[in-house]
Each structure stands twice: as structure tokens, then as C-alpha cells.
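Trainee: The structure follows.
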Amino acid sequence: MTRANTTRRRRRAFVHLLILMATAVALAPPLAGQNDDHNREPVDLQAIYRIKDEGLQRSKVMDIASYLTDVHGPRLTGSPNIRAAAEWAVKEMQAWGLANATLATWGSFGRGWTNDRYAGHLMTPARSPIIAYPKAWTPGTNGPVVSEAVRAVLANEADLNSQRGKLRGKFVLTEPERAVSAHVEPQARRYSDSDLAERARQPVAQPQGGGGSNVANQEFLRKRMAFLVSEGVAATLEPGRGDGGTVFVLGGGSRHAQDPPSVPQIVVAVEHYNRIVRILDREIPVTLEFDIRNTFHDADLNAFNLVAEIPGTDKADELVMLGAHFDSWHGGTGATDNAAGSAVMMEAMRILKVTGLRLRRTVRIALWTGEEHGLLGSRAYVNEHFGSRQTLELKPGHRKLSGYFNVDNGTGAIRGVYLQGNETISPIFAAWMEPFQNLGMTTLAIRNTGGTDHLAFNEVGLPGFQFIQDPIEYESRTHHSNMDVYDRLQASDMMKNAVIVASFVYHAANRDSLLPRKPLPKPAPRPGASSGGP
Ligand SMILES: [Zn+2]
């Protein structure tokens, strides 16, 4: 070591000392009588140690996810699968010692639906199996059907008139060939620092466009379906979003028995669909065979949420909630949407229970159904316990809920929290997030994020939050696709997420006061009754 270095080291040490002194002044508690708004939010590092130890060393999150996905399969609301999965989850939570674990009926949903068999083949000019899935709530084929494929443009009423009498008993391809590109970008990604910085910026509201054409389109689609039913087509075929064996598929019929019927509707892997279109374009006849067995389940039209609790101590009448939706679509096993969120929330409860950490407020998990049909389960629950979003008439429970935490953006690691515009939360969450910087959680985004059950809470002025998560393959591959399966879950992300959620819930449960709220929103007018659809 040279002498010059020693001098530099001394100088550096002196600068460090100055910084330390300045920091000590800055961090000193406010003097008596001084405004203490800037008191730092307390963080219990001992508790976080125990939560991390349990959640990272003895995690059960992937076991839970495997039972939900592998064992019970897709979990469409109203289906026998979702009931079996929910009964398993309730038993599991009871076995962990959670209190009041039960299925709470929230009201009428409509018929359940399952796809019980699928076989599809190109028969002529050359035999090949076809990758495809029926849309949910559509009828099956009533046994194997062999018939001709036809391409029919059905874009307006003139098209319907020109096709009248030509489609009976046929498999109707309703869309043109769709170009497929190579994937030169990776399908999976994590947020970079600059992605997160961009996400943290306050977005400026965009002017709203008119929405008239959508209503007209809905009206035409109803007419088109009535036409296809009256013409007696065997089924419609359309290319799915996605490629390379991935098919995105939602619903196509109504869950209400009194609504107009639909024909069988089949979503085909794009490459297989395009092949049929290209053969037809060469004026070579195509014969297809489909055998699709779908079952409507009418025995119980009601749906339920799953709830369970850890009772609080001195503030047991107050509540912190965590949740995720439990229902899924049917092409895969609903792994990233949303067994991931459900398993993370169950695991967070297990961690809080097994560590025996003291919780002043009662902590309640709710796993919702009907989310995919418009947040039905969570909105019904909020309406029953906290208040009406239509009138903003509030229930006594409204004063007792501190906050609600939701996970429903896939399997990706939590990188922060969306604050839903609630500025007052920012210093609190900043303190709670600080110990998780080393797990990659660094960002508070003031913006709203939508699309899932925390909205039900925000709609009645309650603090409801969704975490910022790495996208991984959510939009590119898994969200609502046939490849939304266990193997696409990222175990280490799931483990981290459960630890972070458990810690946020722990700190919310033990905070002196409830989380601060935004002003009450305006009442939301009752939306038009919608039926079926995605
Ligand atoms: Zn979801």
C-alpha cells in the first residue's frame, strides 16, 4: 500500500464521518412539540427474518400450486373442478389451524361448464390431428361429426344473406389465414430498472374515445350467431391468438340457460387453421372430424368465495385482507392465472400461522370466483361486507378494514406496488418495502392498475392494492392459454412473493392505525346486465 493511498483513505474516512453525522441529524426523532408527520413508519425486522426463514427455507407454495393445477385442473366458475379444488383448499387451511375456513356462497352465477372430451382431425386430403379447444359455455358436437370445411365471410348482414342455405352441417371457417411471424424477441421478460422507473411515473390521463361501434358490433355478433344456429352449421372454427402450439381461448356461449343458444365453437391452433384455409384456397375439398363432449352443470347455479382467518389480538375487530381469484379459463390448468396468486396468498397465511407471529388485527384471506366474468365474487363480497359501489351506502365493516392486498399478474416476482393514486400510502409502503430491495422489490407506482379484484375495494373507497410483478410469459404465452400450466410457474418468484405478501400483511395488521384512505369515490351507475362472454 502506498503513502498516497493512505492519505486518500484518511480523507475518505473523514468524508464518511461527515456523511454519518449529517444522516444522524436527518434521522433523529422530531423534538417534542414538533410536527411528527414525518415519523418513520416502523418496520419489524425480527418478524421479517422469521417470515423469510419459513417462506424461503420450508416453502409449500409450489405444492399448493400443484394441487390446484395438476390435480384439480382448470377451475371455471360453477364447474365441479373448482368446487373440488376449493374443498381441498379449505381442508388444507383448516389443517394449518386457520379459523373459520369455509366456502361462502355469494349468489347466483349461472350454469357450470366442462369440456369432457375433444378429438379433432383433418381427414382429407391427408390425415392429421388438429390442436384446438372449444370455447367455454358452447355445446359439443353430440358425437363424432365428419363433414366438409368451408370458408365463409360473415362480416355483415349482406354476407349472411349471400351464405343463407349454403352452410348446413358444415364446419365453417369464419376468419382468413393469419400471418405467423418468428419469435425473434424472447417470450419471457423481467422489468429492467428503466421499465420500473417508467412504471413509477405518474401517467397523464388520455382523452376518452367514443364507444358506439362496439355496441353495434355486439348486436351484429348476436344476429350472426342466430343465423349460424338456424342454418344448422356443425361448428365454427377460428384461429386462436398465439402460435407454436399455444392457443388462447375464452368463452363463447352464455352461462344462462334462458339466453339464445350457440353453435359449437372451436378455437384452432393458428398453424393448423391456416393449413386448412390454404388447401381450400386451392379449391381442394377438406373433410374434418370433430368429437367434442361438453357438459353444462345446472344442479347448483350459485357460486362461492373461499375465506379463512387468523384472529387478531387487541384489535381483533379490525381486518386486513389478502386475496386472489381462484377461478380460471379451461384451455390449460389456470396456473399463472391465477393458481399463482391463490397459492401465494395461501402460503402467506400459512407462513403467518406457523411462525406464530402476533397479529393485532384479524387477517382474512379471500379467494374469489367469477373474476373472469367481471370481478363477480369480490364485488359481491365487498357489497355484502363493506358497501355498495352503486350507491356508496356503507356497512359498519367499512370502518374496520385496513387494506386489501391482491396478486393476479401471473407468476412473476413482485417488484413493487401500484398505489392506486393514494399518495398517503407512499411513505408507509416505502418503509415496508425497504427490507425487500434485496429481493428486487424497489418501486412504488402512483398509477392505477386495473383488471382484477383490488378494484372491488377501491370502488367503495377502501385501500386495495395489486403488486407490480415481472411479466415473465404472461401476455406472450400463458394468460388465458392452453399453456397456462404448472411448468410455466417460476418457483423462486412464487416463494419470494409469499414472503413479501406475508410481511406487508403482518405490518398492516400490527400498525397503530388503519391504512390511510383516499376520499370516497363517486357512486358508480349500475352497469348493463351482461351475459356470457369472457
Ligand atoms: Zn386473473
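The values are calculated or read from the model by the stated rules, or taken from the named source; none is laboratory data. What you see is a predicted model; the values in this text were computed from it and never measured. FYI the Cβ positions are ideal-geometry reconstructions off the backbone, even for glycines, and counts take in every protein chain you see. What goes into the accessible areas is simple: the full protein's heavy atoms, side chains included, and nothing from ligands, DNA or RNA. Shrake-Rupley method; radii C 1.70, N 1.55, O 1.52, S 1.80 Å.
Trainee: Could you give me the percent of Cα pairs per 5 Å distance bin for region 136-203, shortest bin first, beginning at zero and ending with the bin that holds the maximum distance?
Mentor: Distribution as computed: 3, 10, 11, 12, 11, 10, 7, 8, 9, 8, 8, 2 percent.
Trainee: Then there is this: Any idea which of 256, 498, 444 is furthest toward the positive side of the dipole for the chain, if Lys and Arg beta-carbons carry +1 and Asp and Glu beta-carbons -1?
Mentor: 444
Trainee: Write down Rg/Rh for region 169-279, rounded to two decimals, with Rg from the C-alpha atoms and Rh from the Kirkwood relation over Cα pairs. Before the final figure, lay out each step's value.
Mentor: Details: Rg = 19.6 Å, Rh = 17.9 Å.
Rounded to two decimals, Rg/Rh equals 1.10.
Trainee: Stick to Cα atoms and the Kirkwood definition of Rh, then tell me Rg/Rh for region 465-504.
Mentor: Working: Rg = 11.6 Å, Rh = 11.4 Å.
Expressed as Rg/Rh, it is 1.01.
Trainee: From zero outward in steps of 5 Å, how is the percent of C-alpha pairs of region 65-196 spread across the bins?
Mentor: Calculated P(r), rounded to whole percents: 2, 7, 9, 12, 12, 11, 12, 13, 10, 6, 4, 2, 1, 0.
Trainee: May I pose another question? Residue by residue through region 328-336, what is 3J(HN,Hα) from phi via Karplus (6.51 cos²θ - 1.76 cosθ + 1.60, θ = phi - 60°)? Round to whole Hz and write x for glycine and proline.
Mentor: Residue by residue, region 328-336 yields 8, 8, 10, x, x, 10, x, 7, 7 Hz.
Trainee: Calculate, axis by axis, the spread of Cα positions in region 224-358 along the three principal axes, and write the results as whole Å, longest axis first.
Mentor: Taking max minus min along each principal axis of the Cα atoms, region 224-358 gives 77, 38, 22 Å.
Trainee: Limiting things to C-alpha atoms, what are the Rg and the maximum Cα-Cα separation (Dmax) for the chain, in angstroms?
Mentor: 26.9, 98
Trainee: May I pose another question? Taking just the alpha carbons, could you work out the radius of gyration and Dmax for region 425-525, both in angstroms?
Mentor: 15.9, 46
Trainee: Just to be sure I follow: if Rg is taken over the C-alpha atoms of region 110-158 and Rh is the Kirkwood radius over the same atoms, what is Rg/Rh? Can you show the working numbers first?
Mentor: Values: Rg = 14.2 Å, Rh = 13.7 Å.
Radius of gyration relative to Kirkwood radius: 1.04.
Trainee: Right, next: Would you mind listing how long region 355-443 runs along its three principal axes, going by Cα atoms, in whole Å with the largest first?
Mentor: For region 355-443, the Cα spread along each principal axis is 42, 32, 31 Å.
Trainee: Probe radius 1.4 Å, ligands and nucleic acids ignored: give me the carbon and sulfur share of the accessible area of the chain as a rounded percent. Write down the numbers at each step before the final one.
Mentor: Numbers: 12990 of 24830 Å².
It is 52 percent, rounded to a whole number.
Trainee: Over region 361-508, consider all pairs of different Cα atoms and compute the Kirkwood hydrodynamic radius from their mean reciprocal separation; express it in Å, one decimal. List each step's numbers first, then the result.
Mentor: Working: mean 1/r = 0.0617 Å⁻¹.
16.2 Å is the Kirkwood radius here.
Trainee: Quick check on packing: order 167-179, 247-259 by the mean number of other C-beta atoms within 10 Å, highest mean leading. Show your work: numbers first, answer last.
Mentor: On the way: 167-179: 16.8, 247-259: 19.1.
Descending mean neighbour count gives 247-259, 167-179.
Trainee: Another question about this same structure. Per residue, what volume in Å³ does the Cα convex hull of region 298-409 take up?
Mentor: Spread over its residues, the Cα hull of region 298-409 gives 127 Å³ apiece.
Trainee: By per-residue mean of other Cβ atoms within 10 Å, what is the highest-first order of 333-346, 151-164? Before the final figure, lay out each step's value.
Mentor: On the way: 333-346: 30.3, 151-164: 13.8.
Going from most to least packed, we get 333-346, 151-164.
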